[in-house]
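Read the structure below first, then the notes.
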Amino acid sequence: MSAAVTMARHYGLKKLAAPSAGNAGGALAAYAATAGIEAHIFMPRDVPLANSMECDYYGAHVTLVDGLISDCARMVAERKENEGWFDVSTLKEPFRVEGKKTMGYEVAEQLKWKLPQGIIYPTGGGVGMIGMWKAFDEMEQLGWIGPERPKMVSVQAAGCAPIVKAWEEGKSSSEMWTGAATFAAGLRVPKAYGDYLILDIVKTSKGTAVVATDDEILDAVRHWASVEGVFAAPEGAAALVAYQKLRASGFFAEKDVVVLFNTGTAYKYLDMMEAKRRTVRPEPFASRNIGGIIGPY
Ligand SMILES: Cc1ncc(COP(=O)(O)O)c(C=O)c1O
């Protein structure tokens, strides 16, 4: 989003608008504040509190919508003409992909210009997958890497997995997912605008697409935090679930170098995680009465 807002300012745009399932809105609001540009952000009403609060504090015009990101996108499309907004929705302008592309360069650089056997990326709108794939092609043209590519793995939440469904059915585009529900808010995209690009990357790279349930994701957040001190966003923790499943199935071997993308921090999801924990695992008794003594067991 920093690339998109930088270029918007370069072209003299004054008002930007975007739908957001979560973090893109916060990023737009922050960079727009720095750039002195108006931001109009449409989010589902039930986004994590941090997402809507940060947009508000950054001075964006926030509309909370009773619906999903697809409904938010429709509202932006309907109003942008009259309002004079430039639409920075996922893949409707070119620079967000250019920004996320740098993840591909960073992976290559940090692995000494030898790409890993696999990359697991939590897929919402698909900008990360599409951007990294572009980076690999560019680096090959530059002569920095060879023709080999990582197996690109798209992970989605079981409650909203249009790409995984299309992949499993051998389709080249996805269908709108109905009743999308997951606390991994960034993955609650019922139909990605560039679904056919994502599916093509998964296929060409000999990758795959995997689902993670919210319970598996919550366990993975805790596991990752407890073994490495990384308090990952649910979207990022979904990548760990996918890795565990793909190791168990033999898709990846122990020796394979696989990069998991943690795309955010759990701190922005505390409200959702706490609500989830309470519904999944009822509160244990705070104290137990043993022989008349009340202790904090
Ligand atoms: C934390 C997080 N991870 C992943 C994604 C999905 O990213 P992409 O659009 O690159 O698929 C999002 C999208 O909002 C997100 O907020």
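We did not get these values from a lab; they are worked out from the coordinates using the rules stated. Predicted, not measured: the structure shown is a model, and the values here were computed from it. All Cβ positions, even for glycine, are placed from backbone atoms using ideal geometry, and neighbour counts span all protein chains on display.
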The residue from Ala166, Ala108, Ala192, Ala158 that alone is touching a residue at least 12 places away in the same chain (Cβ under 8 Å), within 13 Å of the ligand (Cβ to nearest atom) and surrounded by 15 or more Cβ atoms within 10 Å (Cβ to Cβ) is Ala192
Sort through Gly84, Gly36, Gly118, Gly104 and tell me the only one that's farther than 25 Å from Tyr267 by Cα and touching an Asp or Glu at 6+ places or on another chain (Cβ under 7 Å).
Gly118
Evaluate the range 4-13: report whether one residue or more is buried (at least 21 other Cβ atoms within 10 Å of the Cβ), within 21 Å of the chain's Cα centre (by Cα) and within 13 Å of the ligand (Cβ to nearest atom).
yes
Step by step: first the residues of the range 230-283, then only those that are part of a loop (DSSP other than H, G, I, E, B) and within 9 Å of the ligand (Cβ to nearest atom), then the one that is nearest to Asp214 (Cα to Cα). Which residue is that?
Ala233
Condition (residue is of a type in the set (Gly, Ala, Ser), out of contact with any strand residue (DSSP E or B) (no Cβ under 6 Å at 6 or more places or on another chain), away from the ligand (no atom under 13 Å from the Cβ) and not in a helix (DSSP H, G or I)) applied to the range 115-137: is it met by at least one residue?
no
Which number in (1) of a type in the set (Val, Ile, Thr); (2) under 12 Å from Ala209 (Cα atoms); (3) part of a helix (DSSP H, G or I) marks the one condition that Val155 misses?
(3)
For the range 85-101, name all the residues that are within 13 Å of Thr6 (Cβ to Cβ) and under 16 Å from the mean Cα position of the chain (by Cα).
Arg96, Gly99
Could you tell me whether the range 237-249 includes any residue that is β-branched (Val, Ile, Thr) and free of Cβ contacts under 8 Å to residues at least 60 places away in the same chain?
no
Taking the range 136-154 and keeping only residues that are over 18 Å from the mean Cα position of the chain (by Cα) and either buried (at least 22 other Cβ atoms within 10 Å of the Cβ) or on the phi > 0 side of the Ramachandran plot (or both), one is left with Phe136, Gly143, Pro150
For Ala209, all conditions in the list (1) within 13 Å of the ligand (Cβ to nearest atom); (2) assigned to a helix (DSSP H, G or I) hold save one; what is the number of the exception?
(2)
Hits in the range 70-94 (condition: in a helix (DSSP H, G or I) and under 23 Å from Pro190 (Cα atoms))
Ser70, Asp71, Cys72, Ala73, Arg74, Met75, Val76, Ala77, Glu78, Arg79, Lys80
Would you check if Leu197 is closer than 25 Å to Arg277 by Cβ, touching a residue at least 12 places away in the same chain (Cβ under 8 Å) and within 13 Å of the ligand (Cβ to nearest atom)?
no
Within the range 174-183, is even one residue within 12 Å of the ligand (Cβ to nearest atom) and buried (at least 19 other Cβ atoms within 10 Å of the Cβ)?
yes
Residues that are over 16 Å from Ala233 (Cβ atoms), part of a helix (DSSP H, G or I) and away from the ligand (no atom under 13 Å from the Cβ), drawn from the range 17-51:
Ala29, Ala30, Tyr31, Ala32, Ala33, Thr34, Ala35
Looking at Val62, is it away from the ligand (no atom under 14 Å from the Cβ), in a helix (DSSP H, G or I) and over 16 Å from the mean Cα position of the chain (by Cα)?
no
Please state which one of Thr63, Thr34 is of a type in the set (Val, Ile, Thr), touching a Phe, Trp or Tyr at 6+ places or on another chain (Cβ under 6 Å) and surrounded by fewer than 20 Cβ atoms within 10 Å (Cβ to Cβ).
Thr63
